[in-house]
Amino acid sequence: MGELLLAATIAVFSVKNILFMLFGVSAGMIAGALPGLTATMSVALIVPFTFTMDPISGMATLGAIYCGAIFGGAFSAILVNTPGTPSSIGTTFDGYPMAKQGKGEEAIFTATFASAGGGLIGTVILIFLSVPLAKVALKFGPPEYFWITMFGLTIIASLASKNMLKGLAGGAFGLLISMIGIAPIGGDVRFTMGLPAFQGGVQLISVLIGFFCIPEMLRIAGNLSKQKMQAVNVEKQEGVLARSFWNVFRKPFNFIRSAIIGAFVGILPGAGGNIANLVAYNEAQRASKEPETFGTGNPQGVVATEAANNATVEGGMVPLLTLGIPGAPPAAIIYGALMLQGLRPGPELFSSSAHITYAFMVSLFVANLMMFVVGILGGRSIFKIVTMIPAKILVPSIIFLTILGSYSIRNNMMDVIVMLIGGFIGYLLKELNFHPGPIVLGLILGPIAEKGLVQGFLMGLSRSNPWTIFFTRPISIALIGIIIFSAGWPVYRELKSKYQKGEN
Amino acid sequence: MNKKLLSILLVSLFLVSVLSLNVMAEFPEKAINYNVCFNPGGESDLTARAQQQPLEEVLGEDVVIQYKIGGGGAVGWSELVQAKPDGYTVAGFNLPHIILQPLVRDNPGYETKEIKPVFIFEATPNILAVHKDSQFKTLEQFVNYAKENPGVITLGGSGSYSANHLGTLEFNQAADIRTTYIPFTGSGEAVPALLGQHVSGLMTYTTMGIRHSDEMRVLAVAADERVPAMPDVPTFKELGYDYVEGAYRGMAAPPGTPDDVIEKLAEANLAVNEMPSFKNKLEDMGFQIINMGPEESEKFVEDRIEYYKKILAEVGLL
């Protein structure tokens, strides 16, 4: 393998490949930062151009775009509270408060270091642990996916620890929205109100833009006279770079744990960065000695989500390269590109075409290294631009972008209408002190939970009681244990702090 | 010169100019939007992407692929039937999807006959595949086990009311067995369930059998003849089961598109199908190349409507 890696490194480091990858990382970053242009779409847009390239350059370019896009989502999350891709949802929780406190640049640089570092850890896992990890991933069947989503829902408890009832109501609301459209199993038409476009369900991106971005823009617009002209505060800070660097690497445990969570969630087909970043956020908060600072601008929150989401990129490549099963939607497109290049994912990629496979892995490593530089330079300029533009120009421009973005999801006006309605509801909910996190979580997890539940039940039909399948498989039992622990932890913490206060 | 002659002259002049305009304005004279109604990376996207470049060569204009995803294709097709019928908006269409959705949904936003087929260019027959470590080495063992243990065998496949779903029901009938069909969202999503041995087998497409040939054993293929990419796999018919099923994919235009435009697009599709590079690439991936022009496709769709109505009625889904 050493020889292969060396040969692959030499193959990647040609001027042409480096230029393609620089283009990929930068283009991906910009696409990721634009709400509505997801990593999936960015990769799909570039695929036709890679047909004319040789396989290594083509794959390296696609990989670089994917990495860049997942990272780019952090920019809009931090600066305007809008996850550019669903993988940056959690980045808004602490990144945007940091920006509001004038620490936007620090948040961006922290995200850069965490993303690039997370991606590097992910790549190392991909190169050295692919085969055993892919085997573990296959052990997860429908019942396990059901329990994973139930575990995901326990994140509500940490997101809304101050008001559990509102958190649970939000989660239930999100689950309900996720049911609009054709049932994933059975094909029933649900809650479409007779509109054909709703057969495809409500688009997550529309809801994200509506819930996160619009209420903030309305808030800024409403306070315009009282505020300074700029939408984003800047406080002159010395040594931002160094401080951001230390944010990530001073507490390596948070960073490494988040990257590992990201890589593992990425490996599971059907779960991607949108779930990984929230799980990592949850674990970071749980492990923290000062959990109450999360959500108020704690850089560790940004570290967790960004390290996790960039590690999912490489995690998603594990089942793709070893088994030919894409771990995430963008990986599915890279799969298509591989096939059209005449390569067949699976064991062959590690024998007859191993030179291409290892070159692709090495190129991911290089792309993440590039992100350090491109991220700092690009982040600095985006930050400057956003802070220079007066709010009365910035706010309408961003609203305009959100309309373009939600239209571009699948060129459908319905997605724009949903986004605007979502914005209205989001504004009301914000006034009523509902956290948007649980709603979005419900929306993401709903379809996966439903599939897991129904498929699991169908699997169990040959048993005398089909439901037992959910409680008898070893991984399911382990997951149930984790869920009980995860749901009980915030309650325990609450009780403990009450008890201690009582002592004093 | 009398008035009559003048008017004849004028009319003929007008006619000539119109005709020459028609000759000048030969379709296509601008980019063609080719809508893909399924997720990027799936079979429909893959084959449309493979067509894109050769189509551009044949037509001499850009072919722009746009994604109109959702509802198992219904979102894209409901938009297609509303689009301007000038041939500059076309979409990929799939059988049996465009037949089954209007049959089982109240309002999918389109009717089967509104989707005007241009060309059916490829098909993926169903296959019955099991894990390579499975106890079933032959179809006979599989059927015998299913007979002795009714309802115990689970078969994963792509979606509800799909070729995989209907195929499982048809095979159950043909072999007089009872298996449980478990729908997954997309053919790719069903594969991990088989590799992790969470289902006993897959009713999936030939393409999956080729992609994962190292990890799965294909017991039989539901085609009329053996598929070139898997010459050792027998057909169900050879083994005595009257069961042929699969998905067909093609290009369709909005209702009312002029026949000469449809003809032009169909010729381009045919030309692409005849390119050895295109044909070989698709056949290696497990696709069957099919050449069905507009009339033939329309006739085929009509036949399939009757066929699926019968099947759905037989299994009690209609």
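The values are calculated or read from the model by the stated rules, or taken from the named source; none is laboratory data. Quick caveat: nothing in here was measured; it's all calculated off a predicted structure. Glycine gets a Cβ as well: all are built from the backbone with ideal geometry, and neighbour counts include every protein chain shown.
Here is a check on your reading of the model: is residue A:424 under 30 Å from residue A:55 (Cα atoms), in a helix (DSSP H, G or I) and in contact (Cβ under 8 Å) with a residue 12 or more places away in the chain? When the stated conditions are applied, residue A:424 does not pass them. The numbered conditions (1) within 14 Å of chain B (Cβ to nearest Cβ); (2) in contact with a Phe, Trp or Tyr (Cβ under 6 Å, 6 or more places away or on another chain); (3) modelled with pLDDT of 90 or more are all true for residue A:116 except (1). So in the range A:190-232, with the set limited to residues that are surrounded by 14 or more Cβ atoms within 10 Å (Cβ to Cβ), over 28 Å from the mean Cα position of the chain (by Cα) and under 16 Å from residue A:398 (Cβ atoms), which one is modelled with the lowest pLDDT? Selected residue: A:230.
Within the range B:208-231, is there a residue that is closer than 25 Å to residue B:31 by Cα and over 16 Å from the mean Cα position of the chain (by Cα)?
Going residue by residue through the range B:208-231, those that are closer than 25 Å to residue B:31 by Cα are none.
No: the range B:208-231 contains no residue that is closer than 25 Å to residue B:31 by Cα and over 16 Å from the mean Cα position of the chain (by Cα).
What about residue A:423, is it within 27 Å of residue A:154 (Cα to Cα), crowded, with 19+ Cβ neighbours inside 10 Å, touching a Cys at 6+ places or on another chain (Cβ under 8 Å) and not aromatic (Phe, Trp, Tyr)? Yes: the conditions hold for residue A:423.
Taking first residues from the range B:180-194 that are under 20 Å from residue A:322 (Cα atoms) and partners that are at pLDDT below 90 and aliphatic (A, V, I, L, M), the Cβ contacts under 6 Å between residues at least 6 apart in sequence or on separate chains come to B:191/A:325; B:192/A:325. Contact map, the range B:293-318: first residue touching a residue at least 12 places away in the same chain (Cβ under 8 Å) and surrounded by fewer than 16 Cβ atoms within 10 Å (Cβ to Cβ), second residue of a type in the set (A, V, I, L, M, F, W, C) and not in a helix (DSSP H, G or I), Cβ cut-off under 7 Å, separation 6 or more or different chains; pairs are B:309/B:318.
Looking at the range A:117-129 only, could you name the residues that are buried (at least 24 other Cβ atoms within 10 Å of the Cβ) and farther than 19 Å from residue A:279 by Cα?
Selection gives A:123, A:126.
Tallying residues that are over 17 Å from the mean Cα position of the chain (by Cα) and either surrounded by 23 or more Cβ atoms within 10 Å (Cβ to Cβ) or under 17 Å from residue B:119 (Cβ atoms) (or both) within the range B:80-93 yields 4.
Looking only at the range B:194-208, which residues are away from chain A (no Cβ under 12 Å) and within 23 Å of residue A:458 (Cβ to Cβ)? Full working, then the answer.
Here is the first cut: in the range B:194-208, the residues away from chain A (no Cβ under 12 Å) are B:201-206.
Correct list: B:201, B:202, B:203, B:204, B:205.
For the residues B:228, B:234, B:258, B:254, the requirement of being closer than 17 Å to residue B:137 by Cβ and not polar (S, T, N, Q) singles out B:234. A search for C-beta distances below 7 Å between a residue of the range B:208-227 that is in contact (Cβ under 8 Å) with a residue 12 or more places away in the chain and surrounded by fewer than 18 Cβ atoms within 10 Å (Cβ to Cβ) and any residue that is in a loop (DSSP other than H, G, I, E, B) and small (Gly, Ala, Ser), counting only pairs 6+ apart in sequence or on different chains, returns B:214/A:346.
Scanning the range A:304-334 for residues that are within 13 Å of chain B (Cβ to nearest Cβ), closer than 18 Å to residue A:133 by Cβ and of a type outside the set (A, V, I, L, M, F, W, C) yields a count of 6.
Checked against (1) more than 20 Å from residue A:345 (Cβ to Cβ); (2) of a type outside the set (Asp, Glu); (3) without any contact (Cβ under 8 Å) to a residue 60 or more places away in the chain; (4) away from chain B (no Cβ under 14 Å), residue A:49 passes all but condition (4).
Looking across the range A:154-174, the residues that are surrounded by 21 or more Cβ atoms within 10 Å (Cβ to Cβ), under 30 Å from residue A:473 (Cβ atoms) and at pLDDT 90 or above come down to A:167, A:171, A:174.
Scanning the range B:61-93 for residues that are within 11 Å of chain A (Cβ to nearest Cβ), assigned to a loop (DSSP other than H, G, I, E, B) and of a type in the set (Asp, Glu) yields a total of 1. The single condition among (1) over 20 Å from the mean Cα position of the chain (by Cα); (2) farther than 25 Å from residue A:425 by Cα that residue A:173 does not meet is (2). Quick check: is even one residue across the range B:283-292 closer than 30 Å to residue B:33 by Cβ and part of a helix (DSSP H, G or I)? Yes, that holds for at least one residue. Tallying residues that are at the interface with chain A (Cβ under 10 Å from one of its Cβ atoms) and more than 19 Å from residue A:334 (Cα to Cα) within the range B:29-55 yields 2.
Yes or no, residue by residue, for (1) within 23 Å of residue B:180 (Cβ to Cβ); (2) away from chain B (no Cβ under 14 Å); (3) within 26 Å of the chain's Cα centre (by Cα); (4) in contact (Cβ under 8 Å) with a residue 24 or more places away in the chain:
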site: A:441; (1), (2), (3), (4): no, yes, yes, yes
site: A:447; (1), (2), (3), (4): yes, no, yes, yes
site: A:451; (1), (2), (3), (4): yes, no, yes, yes
site: A:478; (1), (2), (3), (4): no, yes, yes, no
site: A:490; (1), (2), (3), (4): no, yes, yes, yes
site: A:495; (1), (2), (3), (4): no, yes, no, no
